[in-house]
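Structure first, commentary second.
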Amino acid sequence: CNLWVVPGGVETEKFSIAEGKTGTKIAMLGYVNSRKNIPMALQIVALLPQEYSLHIAGEIQDGEALEYIHHIRRQMELEGRVELYGRVPDANEWFADKDFILSSSIRETFHYAAAEGMAAGLKPVIHDWRSARNFYPAKHIFGTVAEAADLIRQPPVPQEYRDYACAHLDKRIMLKRTDRIIRRPTVRVCGEPKHQYAPEYKFMRCLEMLGCRTDHPEPETVLLMSTHPKVEDWMKGKRIIMWVDDKVSDDERGRDGTEWRQKCYGHVNLVIAQNPHWVPKLLAECTKRVEYVPLVGAVYPFRKLEGVEKLYDVGFVGVPTERRDPIIAEIGGKLGAINLHWVSDNFDHEQLNMFYNQCRIVLALHAYDDPHITFRYTDAMAAGTMVVSEPLMEGHPFGELCREYPIEDIPHSIQCLLDTEVTEKYGKQAHDWVWRHMRMERQLEKVLDLADGVIQ
């Protein structure tokens, strides 16, 4: 059978940020049983200054857990700093004077209490149970009691946590995903797929993961990539979305992007820009609505593999071009004994993922003079590998995760990075970040949501 996963969702409108918080009260809400790992919560409190206190609300399901709390509270001299409330009738009211929502559990799925606490402006402090990173920001997840205590010592920012809950954990988002799976909307991707591993096929796979059908002859929605040559091939859709990637300006490739887009605008309902700085230019070209969504994202099968030997110091994936060839030759010459290995991107994705895992650093160079980002950035990050790049386009979505250097500085920068342990640490950070913030299906979900708002 077909299987889709939709997380739980919180009614964020039922929660609010109260005034007069002290910055010292830690909340736990839920059934009190051994799964909630109360001993860890008490150890965390014991590491904190005397003004911090733990407040536990919820029905007692385990008499042994209750007995332990009473006993160890005395033994650890935590009387007055650990308080039990039982079941509370109004979670938002109970959260009013609390500052942190602690999840020390050994197992959860979504953990409503943590999400509800965030909706009320409480800072999440989340133990690294198996699916925690699927829902909560990595910076709020801890492994040891010392890490949890350090998170609690840092002052809360209530509005940040509420904004996150509204944007990522709201019930309405999950209901919309469920509705899409039930409706099975039809979406066609039109572009220039040169082989079965082209981006268009990634889009189709991700759309199917969202519940869409991609094989209908007269689809409700057509996702038009800005390289498709024949207008008549995609005019049958009820609504047309043009997703403009790296060809806003004409270039030496002989592709007149502006002229091609002008032929299409009369049929298009929505224009999506890959770069936020392209939005004004596209607005000047047409009278359509223009929005920004990056054209890249983490997608399976790119992932971290355990136990893979690092065979290459530096790896590069891409086709040869007149611009790239001399740059790579120059960089390779300056790297000396450092191993630089170049492969084509016309590979099976599992093979490419293995290659990324075998590299300590992945080098990114533009094929042409116009700076842009391609899938290899998020593919390498999804595989848990550091990316070193020449400067990307202004407004790229990676922040500091993509190490950017002028071409002449790349050899020295690579030498410095390889001489440290930073590559492995960075690779883990990049992997966690890209899978949390830039999953490809979430990018496509944004596009579908925008399309729903433009034309019904």
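Among ASP379, ASP409, which is the only one that is within 30 Å of GLY237 (Cβ to Cβ) and either outside any loop (DSSP other than H, G, I, E, B) or under 21 Å from the mean Cα position of the chain (by Cα) (or both)? Result of the check over ASP379, ASP409: ASP379. Annotation for region 185-195: no member residue is open to solvent by less than 10 Å² (accessible area, probe 1.4 Å), out of contact with any Asp or Glu (no Cβ under 7 Å at 6 or more places or on another chain) and not in a strand (DSSP E or B).
Residue pairs whose Cβ atoms lie under 8 Å apart, separated by 6 or more positions or on different chains, with the first residue in region 434-456 and at negative phi and open to solvent by 50 Å² or more (accessible area, probe 1.4 Å) and the second among the hydrophobic types (A, V, I, L, M, F, W, C) and assigned to a loop (DSSP other than H, G, I, E, B), are ARG439/VAL299; LYS446/VAL293.
Counting the residues of region 354-403 that are surrounded by 21 or more Cβ atoms within 10 Å (Cβ to Cβ) and polar (S, T, N, Q) gives 4. Elements of the type helices (runs of 4 or more DSSP H) sitting completely within region 80-168 and holding at least 1 residues that are under 15 Å from GLU11 (Cα atoms) and among the hydroxyl-bearing types (Ser, Thr, Tyr): these cover 112-119, 158-168. Being more than 27 Å from ASP370 (Cα to Cα), modelled with pLDDT under 90 and charged (D, E, K, R) is the filter here, so list the residues in region 307-349 that pass it. If the condition is that a residue be more than 27 Å from ASP370 (Cα to Cα), modelled with pLDDT under 90 and charged (D, E, K, R), then ASP348 is the only one that fits.
Look at region 272-283: where a residue is over 16 Å from GLN443 (Cβ atoms) and a partner is surrounded by fewer than 17 Cβ atoms within 10 Å (Cβ to Cβ) and charged (D, E, K, R), sitting 6+ places away or on another chain with Cβ atoms under 6 Å, you get HIS277/GLU394. Take region 107-119 and flag every residue that is closer than 20 Å to VAL32 by Cβ and touching a residue at least 24 places away in the same chain (Cβ under 8 Å). Once the filter is applied, which keeps residues that are closer than 20 Å to VAL32 by Cβ and touching a residue at least 24 places away in the same chain (Cβ under 8 Å), region 107-119 yields ARG107, GLU108, THR109, PHE110, HIS111, TYR112, ALA113, ALA115, GLU116, GLY117. Of these, ILE338, ILE410, which one is open to solvent by 10 Å² or more (accessible area, probe 1.4 Å), of a type outside the set (D, E, K, R) and either in contact with a Pro (Cβ under 6 Å, 6 or more places away or on another chain) or farther than 20 Å from ASN275 by Cβ (or both)? Going through ILE338, ILE410 in turn, just one is open to solvent by 10 Å² or more (accessible area, probe 1.4 Å), of a type outside the set (D, E, K, R) and either in contact with a Pro (Cβ under 6 Å, 6 or more places away or on another chain) or farther than 20 Å from ASN275 by Cβ (or both): ILE338.
Does PRO294 fit the bill of being closer than 30 Å to PHE355 by Cα, touching a Pro at 6+ places or on another chain (Cβ under 9 Å) and modelled with pLDDT of 85 or more? In short, yes. The residues in region 120-136 that are more than 20 Å from the chain's Cα centre (by Cα) and of a type in the set (A, V, I, L, M, F, W, C) can be counted, and the count is 2. Please determine whether any residue of region 136-144 is open to solvent by 40 Å² or more (accessible area, probe 1.4 Å), in contact (Cβ under 8 Å) with a residue 12 or more places away in the chain and of a type in the set (Lys, Arg). Looking through region 136-144, none of the residues is open to solvent by 40 Å² or more (accessible area, probe 1.4 Å), in contact (Cβ under 8 Å) with a residue 12 or more places away in the chain and of a type in the set (Lys, Arg).
Figure legend. Inter-residue proximity from region 53-71: first residues within 14 Å of GLN43 (Cα to Cα), second residues polar (S, T, N, Q) and open to solvent by 10 Å² or more (accessible area, probe 1.4 Å), beta-carbon distance below 8 Å, spacing 6+ or different chains. Indicated pairs: SER53/THR24. In region 73-122, of all residues being under 12 Å from HIS55 (Cβ atoms) and basic (Lys, Arg), the one that is surrounded by the most Cβ atoms within 10 Å (Cβ to Cβ) corresponds to LYS98.
The values are calculated or read from the model by the stated rules, or taken from the named source; none is laboratory data. Just so it is clear, the structure is predicted and the values come from calculations on it, not from any experiment. For neighbour counting, all protein chains shown are included, and Cβ atoms are generated from backbone atoms with ideal geometry for every residue, glycine included. Just so you know, the surface numbers come from the protein's heavy atoms only, side chains and all, with ligands and any DNA or RNA stripped out. Shrake-Rupley method; radii C 1.70, N 1.55, O 1.52, S 1.80 Å.
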